[in-house]
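Data block below; observations after.
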Amino acid sequence: MPRLWKPGDAYVWISGLALMVTLVMIGGLLFLIATKGLGSMWPVDIGHYTLKDGSTYLGQLQSRELVRGTSGVKSDSDFRVKLKIGNRDLYGLDFRWIDETDIASIDYPPEAVILERREWGNYHGYLKEIRKNGTVIPGTAPGAFGVLEDLIHDANKIYDEILKIEKGEIGDINYGIEKQRLKLRGLSMRSESNPAKESEIRLKIEEYEARYKISEAELGKLYTELTRNEVVMLSAAGDEKVMPLGKIVLAFRPNDMGFAQKAGFYVERFWGFISDDPREANTEGGIFPAIFGTVLMVLLMSIVVMPFGVIAALYLREYAKQGLMVRIVRICVNNLAGVPSIVFGVFGVGFFLYGIGGIIDSVFFKEALPNPTFGTGGILWASLTLALLTVPVVIVATEEGLASVPRNIREGSLALGATKFETTWKVVIPSALPAMLTGLILAIARATGEVAPLMITGVVKLAPDLPIDGHFPFLHLERKFMHLGFHIYDLGFQSPNAEAAKPMVFMTAFLLILIVIILNITAIIIRNRLRKKYATSAV
Amino acid sequence: MKNLSVTLSFTLFAIVCALALGFVAGAQTVKVDPAIPSYTKVPGVSGNIDSVGSDTMNNLMTFWCEGFAKFYPNVKCQIEGKGSSTAPPALIAGTSQFGPMSRMMKSKEVDAFEKVAGYKPTAIPTSIDALAVYVNKDNPTECLSIKQVDAIFSKNRKCGGGSDINIWGATGIGGDWANKPISVYGRNSASGTYGYFKKKALCKGDYKDTVKEQPGSSAVVQGVTEDLQGVGYSGIGYKTSGVKAIKLAKTVEKGCFEPNLENIVGKKYPLGRYLYLYVNKKPNEALDPLRLEFLKYILSRQGQEIVIKDGYLPLSAAKVSELRATIGAN
């Protein structure tokens with residue numbers, strides 16, 4: 001009788017099963033994050049809820065669950081709903097649970113408006129009137145909402161201009177003044193008396209200050225223009241609220257939008273989320289600085305980790321005399337890969353920040369002390385700490401790659417008269433390149449997800465100044481930065497408005513995963529090209 | 001004459017109604033005292049605002065800084081909030097200009113500052129926080145006395161609570177809840193909230209080992225939101241729709257009070273506190289314009305409106321004018 005099972009079959013099946021479970025879990029995780037995050041931006045219809053006690057709310061349905069009575073037992077038929085009612089300035093909270101048995105009626109009036117504001121969260125209400133240049137347009141007039149949209153669009157243009165002046169021109173001025181001030185301080189610290197130079201510096205500062213006055217006046221003008229037009233809204237209960245249009249990001253009427261319109265709106269909002277700066281202590285607005293910081297940090301880390309990892313691996317595999325010493329080093333490298341990341345963080349703080357950073361400050365940035373320049377957390381130190389954290393991965397992967405280069409290829413090269421260096425450089429390294437890139441991929445994947453060591457080496461809650469800007473030397477390695485991983489932690493555990501921030505936690509998590517995938521795919525594409533290129537040489 | 005008295009009584013009635021409404025609305029619609037002056041811009045303010053300190057005040061500082069930067073676009077802010085205990089060392093080392101703290105400095109910290117600077121740091125109360133005890137929204141508990149709170153959170157019950165409370169039934173609620181265990185959430189020890197709660201609600205006793213220490217105020221609230229049997233403490237600014245801030249009583253006889261402005265100012269609610277901003281101010285010497293203006297901004301109508309936006313409670317006009325005098329703002 002033939003045996004149904006070969007002796008090893010069970011193991012194959014078990015590993016297959018394990019793989020399946022893992023894939024399902026990854027899929028489930030992605031699905032959860034994607035639905036909770038991506039779904040939150042969809043413009044849900046807004047309902048006018050009238051409760052039996054007479055109070056009314058304009059709210060978007062968030063979730064629905066079975067009522068749990070005061071006895072603590074879940075009811076089996078009564079539900080309650082969680083509404084996003086907005087109007088934080090009116091109600092104190094953005095969200096509210098309402099028992100369905102308390103609701104007298106729900107309708108979905110097409111004229112209900114949601115205003116996304118720069119402060120205080122969303123406003124839900126009805127358009128009463130628009131005050132445009134002193135003339136009043138009643139909200140019931142045909143096309144009034146279109147007028148409102150146009151006016152908001154114009155106000156946003158002014159707002160962008162303000163941002164441009166604040167970040168561009170005034171940023172330049174501040175940078176210049178700070179530089180001159182430090183020069184002045186440097187002069188006085190070296191106790192050089194150089195009146196000519198001193199007055200020259202002072203003159204420059206005055207010049208900057210004059211320029212500042214001009215742009216300040218310009219800003220003042222723009223700000224008054226921003227608040228010139230107003231909109232008057234009525235809340236569900238009929239309370240009036242006057243708001244300057246400059247404080248509104250956008251207005252929309254979800255009940256009046258078709259599916260295509262909603263989809264277009266969704267895309268616009270999504271783009272806003274990834275391209276805007278955060279607002280309101282990070283609970284609103286976008287996450288652009290965090291995306292930028294994460295990508296830049298990973299790139300800096302890759303630039304540092306690759307040469308070090310590859311050179312170390314080359315030495316260990318090709319040049320070092322294989323013996324006890326090399327074996328000990330190898331064991332150490334492998335162990336290093338298992339050290340908890342926070343330990344690297346502490347090392348980074350002690351060695352980079354306080355050690356090297358302190359020395360750099362006391363030599364090159366004396367005039368800025370006691371304010372530390374490099375002696376505090378920054379993107380450079382964070383990248384270096386992560387480079388240390390990931391260097392074992394690169395070493396191990398590269399060594400594997402080097403070991404797999406066939407002996408006969410090396411010997412062929414040597415037989416043709418190439419020196420050892422030439423063989424390594426021209427024959428061995430190209431064949432091992434794909435393996436090195438595998439190491440890099442693993443390193444990137446690990447580094448992007450790390451948060452703990454970053455928290456103490458330079459990541460902050462809010463750093464609107466990007467580490468790259470138009471001021472020489474363009475890349476400011478000493479600056480603190482924002483990071484998606486830390487952003488998730490901050491939104492999740494420290495945000496002042498936990499409920500409003502929750503969808504943003506998922507969105508941010510989704511983007512973080514997306515960025516890891518994009519970085520990895522880029523590396524994989526490069527690796528595959530290299531594989532093809534060197535396919536002939538690697539047997 | 002009759003007409004007049006009718007009008008008078010009507011007016012009185014209207015005032016009483018308005019007051020009563022104000023009380024009912026309570027914490028939800030707090031308004032800034034209109035007597036607090038509005039902030040006006042002055043020339044010559046620029047530089048960096050560096051603040052290191054309280055996690056409770058982290059968002060508040062961020063909001064203030066964002067608002068202040070609207071007046072002075074050339075001011076930049078760097079705000080770190082890892083706990084009140086991190087404020088004094090940073091002030092002493094000079095790496096920060098402002099030390100937000102959710103509790104007063106301890107005498108040890110003041111001494112350490114004095115040793116370096118030669119004078120005491122200046123504390124400026126910026127806003128009022130009610131430390132609320134949160135339970136899940138489905139928890140029927142309405143009110144707890146400090147003794148009960150102590151018995152829930154503390155292992156040695158220094159406030160004199162009789163026996164340990166570890167099931168909800170022991171707080172006096174019945175039904176299904178009677179046998180449900182209490183799961184306790186709290187803050188980590190670097191936090192000023194941790195220290196304040198220990199001092200005021202635990203009578204300096206020790207926390208139970210079963211308290212789940214959370215890394216942030218918001219995390220406590222979220223823990224209680226998800227955990228039906230949870231109870232935790234956190235600033236009133238972190239309230240969400242998933243939790244209930246219960247009333248507290250100093251003693252059972254004195255009655256229960258909601259965490260709102262009236263009850264805190266009237267010292268009826270036991271866990272009201274000021275949120276402080278510490279600065280290094282030489283006595284008899286004016287502050288530099290940046291710090292002075294920032295403090296003036298906080299002690300202005302706009303600054304106090306931000307306090308409300310973040311969910312905390314604003315100062316009274318009298319307190320503000322007293323404080324403005326101490327910093328030399330008038």
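Identify, among B:VAL243, B:GLY160, B:ASN260, the residue whose Cα sits farthest towards the positive end of the charge dipole of region B:130-272, taking +1 on the Cβ of Lys and Arg and -1 on the Cβ of Asp and Glu, with the dipole about the Cα centre.
Checking the options against the dipole of region B:130-272, the answer is B:GLY160.
Roughly how tilted is helix A:498-533, in degrees to the nearest 10 and between 0 and 90, from the longest Cα axis of chain A?
Its long axis makes an angle of about 30 degrees.
When the convex hull of the Cα atoms of region A:79-193 is projected onto a plane and the area is averaged over all directions, what value comes out in nm²?
Average projection, Cα convex hull of region A:79-193: 13.8 nm².
To the nearest 0.05, how large is the calculated FRET efficiency for A:ASN528 and A:SER63 if R₀ is 30 Å and r is the Cβ-Cβ distance?
Result of the calculation: an efficiency of 0.10.
With springs connecting C-alpha atoms under 10 Å apart, model chain B as a Gaussian network and identify which of B:GLY266, B:GLY186, B:GLY205 has the largest mean-square fluctuation.
Highest fluctuation among the options: B:GLY266.
Angle between the Cα long axis of helix A:9-38 and the longest principal axis of chain A, 0 to 90 degrees, nearest 10?
Its long axis makes an angle of about 40 degrees.
In what order do B:TRP168, A:TRP97 fall by count of nearby beta-carbon atoms within 10 Å, going from fewest to most?
In order of increasing Cβ crowding within 10 Å: A:TRP97, B:TRP168.
Mind listing which GluC sites (Glu not before Pro) in region B:277-330 are in a DSSP loop and have 10 or fewer other Cβ atoms within 10 Å?
Values: sites: B:GLU285, B:GLU293, B:GLU305, B:GLU322; in loops: B:GLU285.
Those that pass, being in a loop and sparsely packed, are B:GLU285.
Over region A:291-533, what portion of Cα pair distances is larger than 28 Å, expressed as a whole percent?
Cα-Cα pairs in region A:291-533 separated by more than 28 Å: 42 percent.
If R0 is 25 Å, what FRET efficiency do you get for A:LYS366 and A:LYS179 from their C-beta distance, rounded to 0.05? Spell out each step's value before the answer.
Values: r = 15 Å, r/R0 = 0.58.
With R0 = 25 Å, the Cβ-Cβ based efficiency is 0.95.
In units of 2.2 N^0.38 Å, what is the alpha-carbon radius of gyration of the protein assembly as shown?
1.08
Along region B:257-272, what does the Karplus equation 6.51 cos²θ - 1.76 cosθ + 1.60 (θ = phi - 60°) give for ³J(HN,Hα), rounded to whole Hz, x for Gly and Pro?
Whole-Hz 3J(HN,Hα) from phi for region B:257-272: 9, 6, x, 10, 4, 4, 5, 7, 4, x, 6, 8, 7, x, 10, x.
How far apart, in nm, are the 7 Å Cα→Cβ label points at A:TYR354 and A:LYS197?
Using points 7 Å along Cα→Cβ, the separation is 3.5 nm.
Tabulate in residue order the Karplus-calculated ³J(HN,Hα) for region A:253-269, using 6.51 cos²θ - 1.76 cosθ + 1.60 with θ = phi - 60°, rounded to whole Hz; enter x for Gly and Pro.
10, x, 6, 9, 9, x, 4, 4, 4, 4, 5, x, 4, 4, 4, 4, 5
Hey, what number do you get for the protein assembly as shown at 222 nm if only DSSP H runs of n ≥ 4 count, each worth -39500 (n - 2.57), divided across all residues, to the nearest 500?
-15000 deg cm²/dmol
Cα to Cα, under 22 Å, and not fewer than 8 places away if on the same chain: which lysines meet these conditions relative to A:LYS241?
By straight Cα distance, A:LYS241 reaches A:LYS84, A:LYS128, A:LYS132, B:LYS31, B:LYS309.
Which ordering of A:VAL339, B:VAL307 is given by a fewest-first count of other beta-carbon atoms within 10 Å? If you can, show how the numbers build up before the last one.
Working: A:VAL339 13, B:VAL307 24.
Final ranking by Cβ density, sparse to dense: A:VAL339, B:VAL307.
Checking the cross-link filter: which lysines have an alpha carbon closer than 26 Å to that of A:LYS197, excluding same-chain neighbours under 8 positions apart?
Hits, sequence-local ones excluded: A:LYS179, A:LYS183, A:LYS213, A:LYS366.
Return the whole-Å distance between the Cα centroid of region A:84-128 and the Cα centroid of region A:383-412.
58 Å
In peptide A:108-121, what is the residue-averaged number of other protein chain Cβ atoms found within 10 Å of each Cβ? Intermediate values should be presented prior to the final figure.
On the way: counts 0, 0, 0, 0, 0, 0, 0, 0, 0, 0, 1, 6, 3, 1.
Mean partner-chain Cβ count within 10 Å for A:108-121: 1.
How many Cβ atoms of partner chains, on average, are near each residue of A:157-168 if near means within 10 Å of its Cβ? All intermediate terms of the calculation are to be shown ahead of the outcome.
Details: counts 0, 0, 0, 0, 0, 2, 1, 0, 1, 4, 1, 0.
Per residue, the number of nearby Cβ atoms from other chains is 1 on average.
Please compute the length gained on full extension between A:MET189 and A:TYR91, using 0.36 nm multiplied by the number of residues separating them and subtracting their Cα-Cα distance. Could you put the intermediate results ahead of the total?
Details: separation 98, 0.36 × 98 = 35.28 nm, distance 5.61 nm.
Residue separation times 0.36 nm, minus the Cα-Cα distance, leaves 29.7 nm.
A 25 angstrom limit on the alpha carbon distance is what I want to check against. Which of A:LYS36/B:LYS70; A:LYS164/A:LYS204; A:LYS164/A:LYS247 exceed it?
A:LYS36/B:LYS70
Can you tell me how region B:130-272 classifies by the Cα gyration tensor, rounded, prolate or oblate, using a/c under 1.5 as the rounded cut?
rounded
What is the helix-to-structure angle for A:429-449, meaning the angle in degrees between its Cα long axis and the longest Cα principal axis of chain A, kept from 0 to 90 and rounded to the nearest 10?
Rounded to the nearest ten degrees, it is 40.
Compare the Cα positions of B:PRO37, B:GLY94, B:CYS65 along the charge dipole of the protein assembly as shown (+1 at Cβ of Lys, Arg; -1 at Cβ of Asp, Glu; about the Cα centre) and return the one farthest towards the positive end.
Farthest along the dipole direction, towards plus: B:GLY94.
Of the options A:PRO278, A:VAL231, B:GLY216, report the single residue whose Cα projects farthest towards the positive end of the charge dipole of the protein assembly as shown (beta-carbon charges: Lys, Arg +1; Asp, Glu -1).
B:GLY216
What FRET efficiency, computed as 1/(1 + (r/R0)^6) with R0 = 22 Å and r the Cβ-Cβ distance, is obtained for A:ASP465 and A:GLU209, rounded to the nearest 0.05? Each step should come with its number before you reach the end.
Working: r = 21 Å, r/R0 = 0.96.
Result of the calculation: an efficiency of 0.55.
Sequence-distant or interchain residues sharing an amide H contact under 5 Å with A:GLU284, placed H: which?
Hits under the 5 Å cutoff: A:ARG279.
Work out, step by step, the length gained on full extension between A:LYS262 and A:LYS6: first 0.36 nm times the residue separation, then minus their alpha carbon distance; give nm to one decimal.
86.4 nm
Once a ≥ b ≥ c are taken as the square roots of the eigenvalues of the Cα gyration tensor of chain B, is the result rounded (a/c under 1.5), prolate (a/b larger than b/c) or oblate (a/b not larger than b/c)?
oblate
Multiplying the sequence separation of B:ASN166 and B:ASP206 by 0.36 nm and subtracting their Cα-Cα distance, what value in nm do you get?
Difference between extended and current length: 12.8 nm.
Under a point spin-label approximation (7 Å from Cα along Cα-to-Cβ), what is the A:ILE303-B:ALA325 distance to one decimal in nm?
Taking the simple label geometry, A:ILE303 and B:ALA325 are separated by 5.8 nm.
Would you order A:MET233, A:MET25 from fewest to most other beta-carbon atoms within 10 Å of each residue's own beta-carbon?
By the 10 Å Cβ count, ascending: A:MET25, A:MET233.
Rule-based calculations on the coordinates, nothing more; no lab input. Please read these numbers as outputs of a predicted model, since none were measured by experiment. For neighbour counting, all protein chains shown are included, and Cβ atoms are generated from backbone atoms with ideal geometry for every residue, glycine included.
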